[in-house]
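Below you'll find the structure, written out as structure tokens, and then a few comments.
The values are calculated or read from the model by the stated rules, or taken from the named source; none is laboratory data. Owing to the predicted nature of the structure, the values given are computational and were not obtained by experimental measurement. Glycine also receives a Cβ, built like all others from the backbone with ideal geometry; neighbour counts cover every protein chain displayed. When the accessible area is computed, the model is the full protein with side chains, heavy atoms only, and any ligands, DNA or RNA have been set aside. Shrake-Rupley method; radii C 1.70, N 1.55, O 1.52, S 1.80 Å.
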Amino acid sequence: MKRSSRPPVLEPRPSPRRRALSEEERALWDTVAKQVKPLRKHRVAKAQAAPRTEPFPAAPATRLAPSPRPIAAAPPPRASKPAVPPLAPLGKRERNKLSRGRSEIEARLDLHGMTQMRAHRALTGFLHRAHDDGLTFVLVITGKGRSGGESGVLRRQVPEWLSLPEFRAFVVGFEEAGIGHGGEGALYVRIRRARY
């Protein structure tokens, strides 16, 4: 007996019959249906049953408005550096205490005779050490540098350097020193406390 190579024909299963709702179930359903709020309607293009065969009518010639330029997405936030604290003047009271010797000057730096580059390096290292050592007041001697009626280069430069952001992490403020500590040729510098 020869077997057929055709697959067997499967008969479709009969669909399950739906039962009718009882009056109690229908009343419950109506109550629930009345309490439900519809979701936001999304505009969905409806599919047409038959493709359109007639051509579209010609659109009137109108000038199209230029499409708006796309807004560039904001760059992801960077890990920003903490804001540089502003300089604060020493104040008359603190300056008087320093000039009269009532507050201690804990370290001194003499920049006499140095080039600008060497003086900048020396000042940077000095302020780093003073900050790390937890000092409060230091004296930076620039010298008056008067030659031919002009004030010295370091006397002009050091206050500018101390105002730079690179030094503000170490310096709270500075003032011209009292006469006993060098007057115009020196600066009292208040060191910022180290945060651990």
Arg26 accessible area, 1.4 Å probe, all protein chains in place, Å² to nearest 10: 130
Could you look at region 104-196 and say what percent of its accessible area is carbon and sulfur, using a 1.4 Å probe and all protein chains? 49
Amide H of Gly173 versus every other amide H placed in the peptide plane: which residues, excluding those fewer than 5 positions away on the same chain, fall under 5 Å? Ala88, Arg190
Phi-derived 3J(HN,Hα) across region 172-182 with the Karplus relation (6.51, -1.76, 1.60, θ = phi - 60°), rounded Hz, x for Gly and Pro, is 7, x, 8, 9, 4, 6, x, 4, x, 10, x
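Can you sort Glu94, Glu184 by 1.4 Å-probe accessible area, starting with the largest?
Glu184, Glu94
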Rounded to one decimal in nm, the spacing of the 7 Å Cα→Cβ label points at Asp133 and Ser103 is 1.8
How big is Rg to Rh over region 86-196, alpha-carbon atoms, Rh as the Kirkwood inverse-mean-distance radius? 0.95
